Amino acid sequence: MIKIFDDLIPYSYLEDIQNYFLNGNAPWIFMPSMTYGEEGDMESFGLSISICNNGMFEQTYQATLLKGLLYSILEQTGKEEIFRSRIDMTLYNPDGYRHEVHTDLPDHMKNITTIFYVNDSDGDTLIYNDTGHLLKAVEPRQNRLLVFDGSLPHTGHSPSNHKSRVLINTNCM
């Protein structure tokens, strides 16, 4: 199951999110590896902010700003709980670095993975089946929500034609 929803939230709400996260206001945290597995690789880095972890929302402005969006995501998935959510930024890489193929949670944790694209960028998200066959390539477009089975391996590319690729990665139970 792979679904795409465009224009998920009102444009004025999207603008508020973009103004905060894309204009130097957000307290981004450096991540040596965006997929928790390639720290020795010089190009696997990015920036991140935790919004929800282990089913508990962070007590931050960022979490408050994104709660409405996350509830819209829950509605689209038909699930009842957000287990984990974070906003991620990968930065320009002239080679369009492909991050490590991964799943967000361990296999025993059945979940729906979602990716909400905050800005227009390049650096497609690639979703594979268990045998490594590419099922879908999804272009990052602002206000687009990608929903798929969390057991499917996936990855993304750092942008090679834009300064940043910003998305909200959420796992729903």
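Structure above, values below:
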| item | result |
| --- | --- |
| Qualifying positions in region 95-130 - in contact with an Asp or Glu (Cβ under 6 Å, 6 or more places away or on another chain) and either within 24 Å of residue 5 (Cα to Cα) or β-branched (Val, Ile, Thr) (or both) | 113, 124 |
| Matching residues in region 55-106 - criterion: being out of contact with any helix residue (DSSP H, G or I) (no Cβ under 9 Å at 6 or more places or on another chain) and among the polar types (S, T, N, Q) | 59, 60, 64, 72, 76, 77, 90, 93, 103 |
| Verdict on residue 34 being in contact (Cβ under 8 Å) with a residue 12 or more places away in the chain, over 24 Å from residue 8 (Cα atoms), hydrophobic (A, V, I, L, M, F, W, C) and buried (at least 20 other Cβ atoms within 10 Å of the Cβ) | yes |
| Unique match (being in contact (Cβ under 8 Å) with a residue 40 or more places away in the chain, surrounded by 15 or more Cβ atoms within 10 Å (Cβ to Cβ), over 15 Å from residue 143 (Cα atoms) and within 14 Å of the chain's Cα centre (by Cα)) among 73, 51 | 51 |
| Subset of region 119-139 (residues that are part of a loop (DSSP other than H, G, I, E, B), out of contact with any Lys or Arg (no Cβ under 9 Å at 6 or more places or on another chain) and of a type outside the set (D, E, K, R)) | 129, 131, 132, 133 |
| Residue 103, sole failed condition from (1) more than 21 Å from residue 17 (Cβ to Cβ); (2) of a type in the set (S, T, N, Q); (3) free of Cβ contacts under 8 Å to residues at least 12 places away in the same chain | (3) |
| Residue identified as within 19 Å of residue 158 (Cα to Cα) and not charged (D, E, K, R) among 77, 90 | 90 |
| Which listed residue, of 128, 117, is modelled with pLDDT of 95 or more and surrounded by 21 or more Cβ atoms within 10 Å (Cβ to Cβ) | 117 |
| Pairs with Cβ under 9 Å, 6+ apart, first in region 133-147 and more than 15 Å from residue 161 (Cβ to Cβ), second basic (Lys, Arg) and in a strand (DSSP E or B) | 138/144; 145/3; 146/3; 146/136; 147/3 |
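The values are calculated or read from the model by the stated rules, or taken from the named source; none is laboratory data. Bear in mind that the values here come from a model prediction, so they are computed numbers and not experimental data. Methodologically, a virtual Cβ is constructed for each residue, glycine included, from the backbone with ideal geometry; neighbour enumeration extends over all protein chains shown.
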